[in-house]
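Trainee: A single structure is presented below for examination.
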Amino acid sequence: RQALFVGDVLATGFWAARISEIKEDDTVLIIGGGPTGICTMLCVMLKNPKKIILCEKSPSRQEFIRKNYPSVEVVAPEECLQVVQGLERGGADIVLEVAGANDTFQLAWQCARPNAIVTVVALYDRRQTLPLPQMYGKNLTFKTGGVDGCDCAEILTLPLSPIDAAFPLFESQEGGVMKIAIENC
């Protein structure tokens with residue numbers, strides 16, 4: 001029963017950070033700051049990259065990240081490309097596309113520096129196109145797939161005994177709650 005809950009956003013973030021081959025000298029861009037994006041960001045932090053940039057459209061989510069994770073640079077989608085192109089290497093070393101919005105796949109590969117890794121975590125409601133002529137010379141590595149829960153044993157460490165009290169809070173989204181994390185008391 002516990003594995004069913006962990007096999008959602010936390011497992012996705014952990015899997016995405018693992019397959020992205022993040023190194024300590026890397027600049028990592030995460031596109032999407034919803035529950036999965038935040039869990040992905042937290043798992044990326046475990047890899048100790050040089051810089052983390054989170055691209056998010058929602059002002060309330062931007063504020064949440066800035067308040068709780070001041071070491072993470074937060075940018076809006078309309079400024080993201082300019083910010084990453086201004087980096088020393090001309091783009092992010094690792095891009096994790098977690099949003100799945102209309103233009104976020106395009107933004108992901110455009111923000112990647114040459115020879116970068118682009119990890120597609122998002123689910124799309126329509127087909128995405130690889131515009132190969134525009135991508136020519138970037139030599140990108142794309143990684144994608146569905147989280148398979150193979151890391152659940154490593155990340156499942158907390159009891160779920162207070163879960164009954166968490167469901168009403170999550171359902172009402174009182175106070176801007178996006179997801180509920182149960183911690184050991």
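The values are calculated or read from the model by the stated rules, or taken from the named source; none is laboratory data. Only a predicted model underlies this, so the values are computations on that prediction, with no experimental measurement involved. Cβ atoms come from the backbone with ideal geometry, glycine included; neighbour counts cover every protein chain shown. Just the protein is used for accessible areas: all its heavy atoms, side chains included, with ligands, DNA and RNA removed. Shrake-Rupley method; radii C 1.70, N 1.55, O 1.52, S 1.80 Å.
Trainee: Every residue in the range 120-163 that is in contact with a Ser or Thr (Cβ under 7 Å, 6 or more places away or on another chain), part of a loop (DSSP other than H, G, I, E, B) and modelled with pLDDT of 80 or more, please.
Mentor: 121, 122
Trainee: Is the range 99-107 home to any residue that is part of a helix (DSSP H, G or I), of a type in the set (Val, Ile, Thr) and under 27 Å from residue 25 (Cβ atoms)?
Mentor: Yes: the range 99-107 contains one or more residues that are part of a helix (DSSP H, G or I), of a type in the set (Val, Ile, Thr) and under 27 Å from residue 25 (Cβ atoms).
Trainee: Can you pull out every residue in the range 97-125 that is more than 23 Å from residue 76 (Cβ to Cβ) and either open to solvent by 50 Å² or more (accessible area, probe 1.4 Å) or touching a Gly at 6+ places or on another chain (Cβ under 9 Å) (or both)?
Mentor: 114, 115
Trainee: Related question: If you take the residues of the range 69-86 that are of a type in the set (S, T, N, Q) and not in a loop (DSSP other than H, G, I, E, B), which of them is most open to solvent (accessible area, probe 1.4 Å)?
Mentor: Filtering first and then ranking leaves 82.
Trainee: Would you confirm, using the coordinates I've provided, whether residue 94 is in contact with a Pro (Cβ under 9 Å, 6 or more places away or on another chain) and either farther than 23 Å from residue 132 by Cα or crowded, with 19+ Cβ neighbours inside 10 Å (or both)?
Mentor: Yes: the conditions hold for residue 94.
Trainee: Specify which of the listed residues (61, 66, 18, 89) is among the basic types (Lys, Arg), outside any loop (DSSP other than H, G, I, E, B), open to solvent by 10 Å² or more (accessible area, probe 1.4 Å) and touching a strand residue (DSSP E or B) at 6+ places or on another chain (Cβ under 8 Å).
Mentor: None of the others qualify; the one that does is 66.
Trainee: Pick from the range 49-58 the residues that are over 13 Å from the mean Cα position of the chain (by Cα) and within 18 Å of residue 95 (Cβ to Cβ): which of them is surrounded by the fewest Cβ atoms within 10 Å (Cβ to Cβ)?
Mentor: Ranking the qualifying residues of the range 49-58, first place goes to 50.
Trainee: Looking at the structure I just gave you, is residue 24 in a helix (DSSP H, G or I) and either open to solvent by less than 70 Å² (accessible area, probe 1.4 Å) or of a type outside the set (S, T, N, Q) (or both)?
Mentor: For residue 24, the condition - in a helix (DSSP H, G or I) and either open to solvent by less than 70 Å² (accessible area, probe 1.4 Å) or of a type outside the set (S, T, N, Q) (or both) - is not met.
Trainee: With the checklist (1) at pLDDT below 95; (2) of a type in the set (Gly, Ala, Ser); (3) within 17 Å of residue 112 (Cα to Cα) in hand, flag the one item residue 34 doesn't pass.
Mentor: Of (1) at pLDDT below 95; (2) of a type in the set (Gly, Ala, Ser); (3) within 17 Å of residue 112 (Cα to Cα), only one is false for residue 34: (3).
Trainee: Pairs needed: first member in the range 57-77, more than 13 Å from residue 41 (Cα to Cα); second member anywhere, exposed (fewer than 12 other Cβ atoms within 10 Å of the Cβ); C-beta distance under 7 Å; at least 6 residues apart or different chains.
Mentor: 60/176
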